[in-house]
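J.: Pasting a structure here, questions to come.
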Amino acid sequence: MPKYVAFFSYTSEGWRQMIENPGDRAAAARKVVEGLGGTMECLYWMTGEHDGLVIFDAPDHVSAAAASVGVTSSGLITSKPHRLLDMDEAAALLDKARAVVAGYQRPGG
């Protein structure tokens, strides 16, 4: 099953509601992922550009995107899934890229 990471950020209203009524956001994320046929590996809070991340497996990209669209429709959080590649997939990507490089005509070339 493909693996994804979704970086998420709360809006100011989302933070206000979390402060007033904290809850188990990992359980909420797990419910979303499992409801789409996937499994959640972990949820981490973080500092910096994003407020946290979720690593999860999903049956396909449509399911991963549906999780993001469904969650962000609340207006309280932004989230975008990114497909992760394991070492075998990265090696296949590089093999295919090698073929592209060999046959690609650069602009102006």
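J.: Principal axis lengths of the stretch 4-105 from Cα atoms, whole Å, largest first?
T.: 58, 28, 21
J.: Roughly how compact is the stretch 52-94, stated as its Cα Rg over 2.2 N^0.38 Å to two decimals? Walk me through the numbers on the way to the answer.
T.: Details: Rg = 12.8 Å, N = 43, 2.2 N^0.38 = 9.2 Å.
That ratio works out to 1.39.
J.: Report the residues of the stretch 1-37 in range of a label on Leu53: point 7 Å along Cα→C-beta, backbone N strictly under 15 Å from it.
T.: 3-9
J.: Moving to a separate point now. Hey, could you grab the Kirkwood Rh for the stretch 14-60? Inverse mean 1/r over distinct alpha carbon pairs, Å, one decimal. Write down the numbers at each step before the final one.
T.: Working: mean 1/r = 0.0853 Å⁻¹.
Mean inverse Cα-Cα distance, inverted, gives 11.7 Å.
Computed from the coordinates by the stated procedures, all read-outs in this text should not be read as laboratory data. None of the values given here were measured: they were computed from a predicted structure. Positions of Cβ are generated from backbone atoms using ideal geometry, with glycine treated the same way; all protein chains shown enter the neighbour counts.
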